[in-house]
Each structure stands twice: as structure tokens, then as C-alpha cells.
Amino acid sequence: MASVSSSELCQIIDDTARFKTGRNTAATLPLQGQSWALIFLKSSTRTRVSFEVGVRELGGSPMFFSGNDLQLGRGEPIKDTARVLGRMVQGAIIRTFNQSDIVEFAEYSQVPTVNALTDEEHPCQIVADLACIREKLGGYLDKHIVFIGDGACNVPRSWIVASALLGFRLTIAAPKAFQPDPAFLQSVNAAKVELTEDLPQAVRDADVLYTDVWVSMGKEAESAARLDALKDYQINASLLEKAPNHTLVMHCLPAYRGKEITEDVMEAHAQTIFDEAEFRLHAQKSILNFLVTQQ
């Protein structure tokens, strides 16, 4: 996300709404005749489905590869896979562990490359979230978004980049050990992002309460310690009583009820949460359209 300007990010969010509104009407097909590789080394539901459907609806042909489908699984260097695929496909969508793998693939393939999630970033999710917030609250630039839980993982890191680019108010409410690295905040010029361990204070004027799983993929060995450390940072009915009545509850899914969010709150706010999930399709189409029209 840091590779786009604030005006470009705003345009992508604007176009997300346009793709949502125009999904069932005549549309241009910017990927007509193109083949796009989806390389997913991490499992996925929403990201995979939204990108496969999105590529098709834009006129292209998606080709899905898991880690076992490519020679990457047998140790072929990323740069070699990239140089081969770059001669055969028009773009790539990659969901993997290391951010550097996506950077290297883009460099050597010389085709548009989408970050569909790494351990460091989840930019596509934030585009969808901001478009959803704008639809429901009339905007996002003047809103206060509060992320609750593990504030150092890929989703809040991407929220921080978006806040730095666009200037909306963002609070990360997390235990000290789970707050983002100050060096990262400085690197993206996120001086206005607020960090706190005081959850009730953080939510008192929130427009959005947002959470994610406490145990991300690759962190399973830390599960018990994470659940214990984060147990007081749950979105539940008691916390919502401290927030304004209009506050949205959002979750990027999958949700683990009884951990980061309670069953009753999840179901009470299911309309928002699953509208948010639907926005992934429209956001992916907007991102793909942006990439091919910028060439």
C-alpha cells in the first residue's frame, strides 16, 4: 500500500464503490484475454474467491497455484519462477509469508504483482474496509477507527499505512508487547497514530471497532501465550456499552467467537461484517483495474 500515493489510494477506494454499484450492469473488461497467476502459499477463503471471481468478471482467466503446484515447493528460487511466469502471464496475485518474496517476484517477473497478504501487510483488506466504512458512515477521513488486539500483525500494520497516507484518526489498543514497532511507525510517517493499553478510553468516541484473530497463520506455537496476553482485548457487549451507539463493529474474518469477539456481538453486527467481506470482491476488481490501466 505504501507504493501508492494518497490520491491513488482514494481513487482505488472510489472505484471499489463503482465496481460494487455496477457489478450487474454492462462494464469494461480491462483483463480481456489476459491470464493471471494466483500463487497462494497460505490458505484462504475470501482472498482466493474474491480474486478468482474478480479476474473472471474483468474478462481475464485466473490460474490458481498452491505451494505444492509449483517448483517453489521444491526449492526453486522466487526469481526463477518469476522470470518464467513473467513470460507467460499478464499479472500475479501472491499470498505468502515473506514480504520480500512479493518484492522479488515483481522485480524479476516485470508484470503487475498484487500483495494478497504477507506476514507484514494485508493492503487489499484495508481498501475493502475503507470502502465499506464510507458506504455505512458516509466517509472515512473524519472517522476514528480503533483496532483492538494484536496491533503488530499484518492487518493493523496496513491500517497504519492507510492512516499515514490519508490522515484519518487511528488508535491501536493492545498490550504493550503487541503494539507496533516504533521504527515501523516512523518509517511510514505515522506520527498521528495513537497507541494505548486503555481499551475503555480508546473506544469512547470510536466510529469503528475493528479486530482480527489473536493467533495469525504461522503463530500457532504461540497460541496459549497469545490467548492469555490478549484476553482482556475482546470486543464484547460490555465494551460496546462504552462506545457511541453508531459505532460499527468490523472483523476481517475468519472470526474465532469467544476469543477476539463474542458470539452475541458477532451475530448482532453480522450484517456489517459480511458486507465488509463482500467488499473484498469489489476492492480486488478496483485494484486489478488500477494496475492494468496504469501500465
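Every number here is computed from the coordinates shown, using simple stated rules; none is lab data. Just so it is clear, the structure is predicted and the values come from calculations on it, not from any experiment. Cβ placement follows ideal geometry from the backbone for every residue including glycine, while neighbour counts extend to all protein chains displayed.
Couplings for segment 170-185, taken from phi via the Karplus curve 6.51 cos²θ - 1.76 cosθ + 1.60 with θ = phi - 60°, read 10, 10, 9, 9, 7, x, 3, 5, 10, 8, x, 5, x, 5, 5, 4 Hz in order; Gly and Pro are left as x. For segment 216-244, backbone nitrogen atoms closer than 13 Å to the point 7 Å from residue 264 Cα along Cα-to-C-beta are found at 236-241. Other residues whose C-beta falls under 14 angstrom from the C-beta of residue 17 contribute a net charge of 0, scoring Lys and Arg +1 and Asp and Glu -1.
Once both labels are positioned 7 Å from their Cα atoms along Cα-to-Cβ, the gap between residue 56 and residue 246 label points is 3.9 nm. The order of the peptides 71-80, 131-140 by mean Cβ neighbours within 10 Å, most packed first, is 131-140, 71-80. Enumerate the residues in segment 23-44 having an amide nitrogen under 20 Å from the point lying 7 Å beyond the Cα of residue 71 toward its Cβ. The answer is 37-41, whose backbone nitrogens lie closer than 20 Å to the label point. Most tightly packed first, judged by the mean number of other beta-carbon atoms within 10 Å of their residues, the peptides 242-251, 159-168, 282-291 read 282-291, 159-168, 242-251. Once R0 is set to 35 Å, what does the formula 1/(1 + (r/R0)^6) return for the Cβ-Cβ distance between residue 256 and residue 294, expressed as a FRET efficiency to the nearest 0.05? FRET efficiency, residue 256 to residue 294: 0.40.
Placing pseudo-labels 7 Å out from each Cα toward the beta carbon at residue 197 and residue 222 gives an inter-label distance of 1.7 nm. Applying a threshold of 29 Å to the alpha-carbon distances of 20/219; 42/136; 136/242; 20/42 flags 20/219; 42/136 as lying beyond it. Remark: the chain carries a charge dipole of roughly 640 debye about the Cα centre, counting +1 on each Lys and Arg Cβ and -1 on each Asp and Glu Cβ. Full extension of the chain between residue 87 and residue 23 gives 19.9 nm of extra length, using 0.36 nm per residue less the Cα-Cα distance.
In a fully extended conformation the segment linking residue 274 and residue 237 would gain 11.4 nm over its present Cα-Cα distance, using 0.36 nm per residue. Judged by the mean number of other Cβ atoms found within 10 Å, the most tightly packed of the peptides 119-130, 33-44 leads the ranking 119-130, 33-44.
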